[in-house]
Each structure stands twice: as C-alpha cells, then as structure tokens.
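Here's the structure we're looking at; comments come further down.
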Amino acid sequence: MKFAKPLRFTLLSLTCGFLALGLGFQSAGIALTSKQPEIAARLFPLNGLARENIASEKYASSAVLSQEPEAAARSAEMWARLAYLKEPLTPNSLAILALATDQGKARSTVVDLASTLNRRELTLQGLVLQEQVLAENYGGAVGTIDEILRVRPARSGELFPVLLSVFVQEGAVEEFSRVLDGSSPWHKRFVSYAIGQPKALANLVELRSRQSFDDQKLDQTLLRNLVSGGDLEASYALYRRLSGEGSAERSNQVLSWISTFEPFDWSFVDSAEFRAQTSQNSDNLELYIRPGNGGTFAKRTISPPEVPFTISATHEIRPSNLSQDVKLVLTCVGSGEQIMEVPFGEREISHSITRLPSGCSYLELGLHGRAWSGKSALKGEISPLLLATQM
C-alpha cells in the first residue's frame, strides 16, 4: 500500500504534465495561428484555422506570380483540403477548393456551401459573383458587387469591368435602377466609368430616363458621347429630356443663347481677340472681334420645323456699315451640304427656307464673323434667333 501511493502520485503527475504540455502546445498553436500558421500547425496538428491561413498565404503569393486565380488555387489546394477536414467551417478554404475545381456543377456546389458560411471573404465574393454572371442572375450580381464595394471601394477598378459586362445586357437596366440610387459613392463612379464605354451608352440613356444622375456634368458627357457615336435621333431625344423640353409640335422656336447641353444648345468661341458671350443685362449675345480675326463664333445643331420656315434676329453690331461681315450659315448635319449663307442686314437678318434636301433631319446653324485688318473691331449684340413656320 505504501508503494502504491507514490506510483499513483507519479502517474497522476505525469498525466497532468502531459495534459499541461498538450494544452501548452494547443495554446501556443492557437496564439500563433494568424502570425505564424506553419509553426501553429506543427504544434497543434488539429488546428484547422492555421492550415486555412497557410492555404490563404500560398494562394495569395502564387496569385501574385501567376496572375491566374485557378492556378494559384491549385497550388494551395492540399492545405485548403487539410484545413477543411480539420475545420469544416472555414470559408477561405472552401473558396480555394472551389477555385481549384473546374467550372461546372461541382464548383457551384462548393461555392453555395461556402457562401452559406460567410459572404464577406473577398475571394468567395468574387466566386459568387462569377457564378451569378454565368447563370445570368443579373440582380444577384449587382447586389453582390454592391455588397463588396460598399465595404471595399478600392476594388472598383477590378470590379467595374465585370459590372459593365452585366450592365450592357438586355433587361439589366431595371436591376441597376434598383441599386444605383446614390446611397453609396461607387454608384456615381460607375456611371462615370460606363459613360466612357460606347457599348454602355444605350443602357445609360435608358437608366437616365428612369432616374436622375444628380450631376449635370455626367448628363453633358453622356449626351456628348452619344452624339459622337452618331445616333442623332437618340441624342436629340435625350437632349429634350435633359433640357425639359416638351414633345408637342412647335410652330415657333426661340433659340435662346443657352450653352448647357452642346451640341443642341449653343457653343461659343472664347478668346481675348475673338469671343461671344451671353449678356449679363439682357437675353442677347455679346460679340467682339479684333481686326485680323474671324471664323465661327456660335453654333448649334437644331431639328428644324416643317418647311417653309423663317430664321430671323435683330442686332446692334457696330460699326453698322460692317454688319454684312457677320453671316448666318445653315448646313445639313451628316452630308455637310450647305443650305444657305446670308449676311446680316444693317439692323436685322431674316431669311426663309422653302426646301431641305431629302434626309436632312438635323441642321447645324452657325454664325460667322470677321474683322478685317486695317478696319475697326466688330462688336455689339445679337438677339435670340427665332424660327417661325410660315402658315
């Protein structure tokens, strides 16, 4: 009995020592899981989180070198699988395993499983997005990108091209109009990005018809790029919407000196020697041309009324005997065919257009002026032009 007590004490001490040592290794392994996962995995082989961190590090380093996510995932697949076996609730490991799996039902199954665990992991979010795009789930794709960019706005550079591929699809605008409500800074940044992509312009026009961008510069850029694409019908329809013009037939048009939405509003020349600008004291246009200068000082594209119609305006150009050096020129947009070139009279200009060439749906209206060397400078004011249909 005396011998049994020391033996029991010794066994108990050894057991406690082994347990303490095991707990020590486990505690050390847990403590080192994030900073030194390989040491943590050796100290505590059941540490699935450490293996997940090893897999993530190997994937990240390989991705930097190869620039191929699938290839990088295959290099880290072994560690990801070990992590999953030890700790099934590791979304990073599942994301890597999904990337290492060929696209298809198997990958979709892994992605679905991982996404039920955690939708915040970046690689996993990218996979979810990829699956949604492949499945033409545009609403889900837009929602996923919204989730990512609200938290990680710096990722817009890599995600905007993906988002654009969704945006240009037929029927996608309805989904985007629900998300792009201005509640996050990335919404306006995406519109700015898409405006520079010709394939996105048609859907941007539809989106703009559903909601305001709350940014006049974006509206101006959209209109300008649409005109550059050559679709004048769609461009003019957008202009009418942006400028607030109604769709009723107009027998008379006053072409005020507004320059908000070029080219359907006016554009003016602006230099020290040759300039045209709106008057601060009236609705007129102020003109100044120093001797030796000249050219087009104001122009805009118009949708003409039914022929015959008259273009008229009054002016106070000085010296009055040189007012004929200011001319009104009308040209067909597209063909470049000149319809008329008429000099200003002493106090006014008025000219009737009785016929337009076939297919001449839009006209460029230009005002030209020149001050000859050795003569006086041209200056004065011109009233808004009036287009009136002749009954």
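The values are calculated or read from the model by the stated rules, or taken from the named source; none is laboratory data. Please read all numbers here as calculations on a predicted model, not as lab measurements. Cβ coordinates were reconstructed from backbone atoms using ideal geometry, including for glycine residues, and neighbour counts include every protein chain displayed. Just so you know, the surface numbers come from the protein's heavy atoms only, side chains and all, with ligands and any DNA or RNA stripped out. Shrake-Rupley method; radii C 1.70, N 1.55, O 1.52, S 1.80 Å.
Quick grid of which residues meet (1) in the same structural domain as residue 281 (by the TED database); (2) of a type outside the set (A, V, I, L, M); (3) touching a Lys or Arg at 6+ places or on another chain (Cβ under 9 Å); (4) closer than 24 Å to residue 277 by Cβ:
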{"position": "302", "(1), (2), (3), (4)": "yes, no, no, yes"}
{"position": "335", "(1), (2), (3), (4)": "yes, yes, no, no"}
{"position": "338", "(1), (2), (3), (4)": "yes, yes, no, no"}
{"position": "347", "(1), (2), (3), (4)": "yes, yes, no, yes"}
{"position": "352", "(1), (2), (3), (4)": "yes, yes, no, no"}
{"position": "358", "(1), (2), (3), (4)": "yes, yes, no, no"}
{"position": "362", "(1), (2), (3), (4)": "yes, yes, no, no"}
{"position": "375", "(1), (2), (3), (4)": "yes, yes, no, yes"}
**Prompt:** Within region 206-227, which residues are without any contact (Cβ under 8 Å) to a residue 12 or more places away in the chain and among the hydroxyl-bearing types (Ser, Thr, Tyr)?
**Reply:** 212
**Prompt:** Looking at region 159-177, which of its residues are free of Cβ contacts under 8 Å to residues at least 12 places away in the same chain and over 14 Å from residue 203 (Cβ atoms)?
**Reply:** 161
**Message:** Kindly evaluate residue 323 against the criterion of being crowded, with 20+ Cβ neighbours inside 10 Å, of a type outside the set (Asp, Glu) and either touching a Leu at 6+ places or on another chain (Cβ under 7 Å) or assigned by the TED database to the domain that holds residue 375 (or both).
**Reply:** yes
**Prompt:** Looking at region 285-293, is at least one residue assigned to a helix (DSSP H, G or I), under 23 Å from residue 384 (Cβ atoms) and among the charged types (D, E, K, R)?
**Reply:** no
**Prompt:** Going through region 270-283 one residue at a time, which ones are at pLDDT 95 or above and open to solvent by less than 40 Å² (accessible area, probe 1.4 Å)?
**Reply:** 274, 276
**Request:** Looking for whichever is open to solvent by less than 90 Å² (accessible area, probe 1.4 Å) and small (Gly, Ala, Ser) here; the options are 352, 358, 373. Which one fits?
**Result:** 352
**Prompt:** Is it true that residue 297 is in contact with a Lys or Arg (Cβ under 8 Å, 6 or more places away or on another chain), aromatic (Phe, Trp, Tyr) and either surrounded by 20 or more Cβ atoms within 10 Å (Cβ to Cβ) or in contact (Cβ under 8 Å) with a residue 60 or more places away in the chain (or both)?
**Reply:** yes
**Message:** Show the residue pairs meeting these rules: Cβ distance below 9 Å; 6+ apart or different chains; first residue within region 331-359 and among the polar types (S, T, N, Q); second residue loosely packed, with under 11 Cβ neighbours inside 10 Å.
**Reply:** 335/357; 335/359
**Request:** Could you tell me which residue of region 260-269 is most open to solvent (accessible area, probe 1.4 Å), considering only residues that are under 13 Å from residue 223 (Cβ atoms) and in a loop (DSSP other than H, G, I, E, B)?
**Result:** 262
**Request:** Consider residue 366 carefully, then state whether it is closer than 24 Å to residue 229 by Cβ and touching a residue at least 40 places away in the same chain (Cβ under 8 Å).
**Result:** yes
